[in-house]
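Working notes, beginning with the structure itself.
Bear in mind these aren't lab numbers, they're just calculated from the coordinates by the rules spelled out. Here the structure is a predicted model, which means the values were calculated and not measured. Here Cβ is always computed from backbone atoms with ideal geometry, including for glycine, and neighbour counts include all displayed protein chains.
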Amino acid sequence: MSRSWDDDPRLRRIRRDDYDDYGSQSPRSGAVTTIGVLGIVYGSIMALFGLCFLFCGIVSFSARNNNFFFAQNAPIMIIVFSIVSLGVSLGHIFGGIYVIHRSNSARIFMLVLAGIDFLFGLLSIAGMIFTFSQPQGFAGNRDNLAMGLIFQVLALLVNWAFSICTFIVLLNGKNAEEFS
């Protein structure tokens with residue numbers, strides 16, 4: 001029976017040494033790359049929601065009801081929120097790209113954006129309180145109450161999950177050493 005090339009222990013050593021091509025640099029963390037990719041995906045989804053809210057805010061100027069304070073100011077609040085959301089989403093996209101490239105300024109920027117996402121989660125809690133405080137239901141329709149609450153809970157969970165994961169990964173000392 002003939003011997004194959006992986007039976008030779010000398011060749012195994014050579015192959016094992018070939019895997020050490022990092023030199024003095026340690027291998028890159030998969031968690032940091034994951035945060036970068038999730039930042040890009042999260043920013044893209046947030047940009048889509050921001051564009052939808054911008055469209056809704058522009059359209060809602062024609063459907064104002066002068067009897068209810070929220071309905072009078074809703075278009076302005078929706079447009080301002082959508083512009084802020086679009087800005088934060090662009091920050092997530094560019095921050096995610098540069099976190100993948102291990103830029104230290106992008107790491108700090110993503111930590112700031114994670115703090116903003118945490119505040120967006122608090123804004124979702126305020127939205128839940130506002131939704132429960134309306135005696136006639138959300139936007140004058142009691143049927144919209146459940147849908148509004150589901151949206152607020154999902155926004156809270158997504159914002160806080162992303163911000164907590166970003167804080168855990170990017171503040172880790174071992175992961176922080178990878179950034180230049």
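General observations
- Relative pair counts by distance (%), Cα atoms of segment 29-176, 10 Å bins: 12, 36, 29, 16, 7, 1
- The Cβ shell under 15 Å around SER180 holds other residues with a net charge of +1, Lys and Arg each +1, Asp and Glu each -1.
- Relative contact order [Cα under 8 Å, 6+ residues apart], segment 29-176, whole percent: 27 percent
- VAL59 versus ASN104: modelled label distance in nm, points set 7 Å from Cα along the beta carbon direction: 4.8 nm
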